[in-house]
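Okay, structure first, notes after.
The values are calculated or read from the model by the stated rules, or taken from the named source; none is laboratory data. All figures in this text were calculated on a predicted structure; none of them were measured in a lab. When we count neighbours, we look across all protein chains shown, and the Cβ atoms used for this are built from the backbone with ideal geometry, even at glycine. All accessible areas refer to the heavy atoms of the entire protein, side chains included, with ligands and DNA or RNA removed. Shrake-Rupley method; radii C 1.70, N 1.55, O 1.52, S 1.80 Å.
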Amino acid sequence: MAREDFDCIVIGAGPAGSTAAYVLAKNNLKVCLVEKGDFPGSKNLMGGVLYSYPTCDILPDFYKEAPLERPIVEKQIWMMKSSSTLKFAFRDKSFGQEPYNSFSVLRAKFDKWFAEKVDEAGVFVIPKTTVTDLVKEGGAYVGIKTDRPDGDLKAKVLVLAEGANPLLALKAGLCSPLDPKKVALSVKQILFLPEEKINERFNVGKEEGIAVEMLGDITEGMVGTGFLYTNKNTISLGVGAIIADFVKQRIKPYELIERLKENPSIIPLIKDGVVREYAAHMIPEGGYNGIGQLYDEGILVVGDTLGLVNPIHGEGSNLAMISGKLAAETVVEAAKKNDFSKSGLASYRQKLYDSLVIKDLHKYKDALGYFEDNQSIMDNYMSWAASSAKEILSVNGQTKKEKQKKIIRNLYASRGRAKVIKDAFKLWRIFK
Amino acid sequence: MNLDDLLFTVSVKPDEEVHIKIKDQAVCRDKCKEQDRPCTFVCPARVYLFSEEEQKIIVCYERCLEDGACYVACPYDNIDWRFPRGGSGVSYKFG
């Protein structure tokens, strides 16, 4: 084998790739991080909420200097039906105190900062460079081809962190062709509003933010959710659904988000908000059953490329970081034995399966399949919850008993009594 | 807000090279007619337009947000999709 330029080449400067590169450099390995964007973060996107754990584990006290938006002190879940919304909210004081639970972030800013930390740790960060191919020799991955003249690089091992649009993994056969039933498409708008207006409208202090997850007919019968996060002086508002559902229902994502903005619960919150950016991204929703190939001769796969997303809890960046860290630790061990073969990297599997990443995905292994097979069911229940609340809260000539009967009647009318019981049982099995 | 105004907020530095190609226009024209050509409505930036006049898909790759939904949605695996060359393409300010 020819001389290597690096011990390890990491492809993609998102949370998974930057974490892997950072941990490797801290262990004195010669690492390069290649990113196709104009700068690290420029093509990166999420809702988005960044969790303190595991970020703190990699970059202790990161919140003291990282470009974060607001600590999330309140989580809301909205069950929506056209003009009605039933809201649940949980606020906790400790979420607004060190070490915090989570933050709203804008990834173009956060990932840029993270990559600077990676650079300071001694990693050779190469932006503006698209990897066009993985290079194999004698059955093992040994380097990359890039779109720069003379831009081919060699390394003892590769870490593939190219994100949710995994062209290289697809080309190399490290993941199966993406199934439109198991990938979501999400669109989002960044709406500018003065900081004080956000504080007033969302009933939060200067350094406090809220996260809203929206369920119900806002996705127009598709399996999906909406979201709203408060940033410093912007709001992230978005909606996403399974790609196969967009196809089936002939729905245009940019029209879907515009209709969401017309929802009576949203209108007053975003009034006078000026759109500063529109964005779109895929989200792998295959869960436990959709996890791709973890490693091969001379390569490890991490983050979204592997499909590490927990859609039930809206987690992905945290799982990406944990996988990046575990991949890096595997490489450090392999470097000691100078064995980057498949068997030399095999401990990555054990590490990942022992971590909360796979344990959490395993817990919800049947969730997507359930929602997939029962497309409109969740929608049905969300709508029912919202209209039931309306029924109970409307003061009119009907007695409470009549109202209660009507609610139950509506439930059985929409789904059938036996099915309701079956649904409840199935949901209990998924979440137990 | 209409899509063109929305896209006006996104900073995209188009690659001089076309990074998206239709493999076989006849597939879009004939076979995919029944499915209403999903790329034309699934793409969040409306990169794909079916021209009735020319009877083919027009690819406005300069608008691409690089999410990749088009090739996942394509029923005939008929889109040759690559990333634009390094440093070009979409560049989010907020993300």
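Of the listed peptides B:25-31, A:151-157, what is their order by residue-averaged count of other C-beta atoms within 10 Å, with the highest listed first?
Listed from highest to lowest mean packing, they are A:151-157, B:25-31.
In peptide A:154-165, what is the residue-averaged number of other protein chain Cβ atoms found within 10 Å of each Cβ?
1
Return the average number of partner chain Cβ atoms within 10 angstrom of each residue Cβ along peptide A:181-187.
The per-residue average across the peptide is 4.
Give me the summed buried accessible area for the A-B pair, 1.4 Å probe, to the nearest 100 Å². All intermediate terms of the calculation are to be shown ahead of the outcome.
On the way: alone 19920 and 6320 Å², together 22710 Å².
So the total buried area for this chain pair works out to about 3500 Å².
Using Cα-Cα distances under 8 Å and only pairs 6 or more residues apart, what relative contact order does chain A have, in percent?
That works out to 20 percent.
How many Å² of accessible area per residue for the range A:1-83, probe 1.4 Å?
Per residue, the range A:1-83 has an accessible area of 34 Å².
Below 20 Å, Cα to Cα, which lysines can A:Lys405 reach? Residues fewer than 8 away in the same chain don't count.
Result set, ordered by chain and number: A:Lys390, A:Lys419.
Quick one: compute the contact order of the range A:49-183, relative version, from alpha carbon pairs under 8 angstrom and 6+ residues apart, as a percent.
Averaging sequence separation for qualifying contacts and normalising by length gives 17 percent for the range A:49-183.
Just the number please: accessible area per residue for the range A:234-356, 1.4 Å probe, all protein chains included, in Å².
On the way: 4240 Å² over 123 residues.
Here the residues of the range A:234-356 average 34 Å² of exposed surface.
Quick one: angle between helix A:417-431 and the longest Cα principal axis of chain A, in degrees between 0 and 90, rounded to 10, please.
Roughly 30 degrees between the two axes.
Relative contact order for chain B: what percent, with Cα pairs under 8 Å and sequence separation of 6 or more?
41 percent
Sorting A:Phe425, A:Phe114 by accessible area (1.4 Å probe), largest first, what list results?
A:Phe425, A:Phe114
Among A:Ile251, A:Ile267, what's the order by accessible area (1.4 angstrom probe), most exposed first?
A:Ile267, A:Ile251
Sort out for me the Cα centre separation of the range A:90-145 from the range A:331-353, rounded to whole Å.
Their Cα centres are 21 Å away from one another.
Any chance you could check the Cα centroid distance between the range B:10-63 and the range A:199-256 for me, in angstrom?
Result: 27 Å between the Cα centres.
At 1.4 Å probe size, with no ligands or nucleic acids counted, give the accessible surface of A:Trp113 in Å², nearest ten.
My reading of the accessible area for A:Trp113 is about 20 Å².
Take peptide B:9-20, look around each residue's Cβ out to 10 angstrom, count Cβ atoms belonging to other protein chains, and average those counts.
That average works out to 2.
Can you compute the charge dipole magnitude of the protein assembly as shown about its Cα centre, using +1 on each Lys and Arg Cβ and -1 on each Asp and Glu Cβ, nothing else charged? Give it in debye, rounded to the nearest 20.
The dipole of the protein assembly as shown has a size of about 1980 debye.
Highest mean first, what order results for A:193-205, A:14-26, A:167-179, A:388-400 on Cβ atoms within 10 Å?
Details: A:193-205: 15.3, A:14-26: 29.5, A:167-179: 17.7, A:388-400: 11.3.
The most tightly packed comes first, giving A:14-26, A:167-179, A:193-205, A:388-400.
Run the accessible area of the protein assembly as shown with a 1.4 Å probe and give the carbon-and-sulfur part as a rounded percent.
Reported share for carbon and sulfur atoms: 51 percent.
So what's the back-of-envelope 222 nm ellipticity for chain A, counting only DSSP H runs of four-plus at -39500 (n - 2.57) apiece and dividing by all residues, rounded to 500?
After summing the helix terms and dividing by the residues of chain A, the value is -11000 deg cm²/dmol.
Using only Cα atoms, tell me the angle between helix A:377-393 and the longest principal axis of chain A; keep it within 0 to 90° and round to the nearest 10.
The helix A:377-393 is inclined about 40 degrees to chain A.
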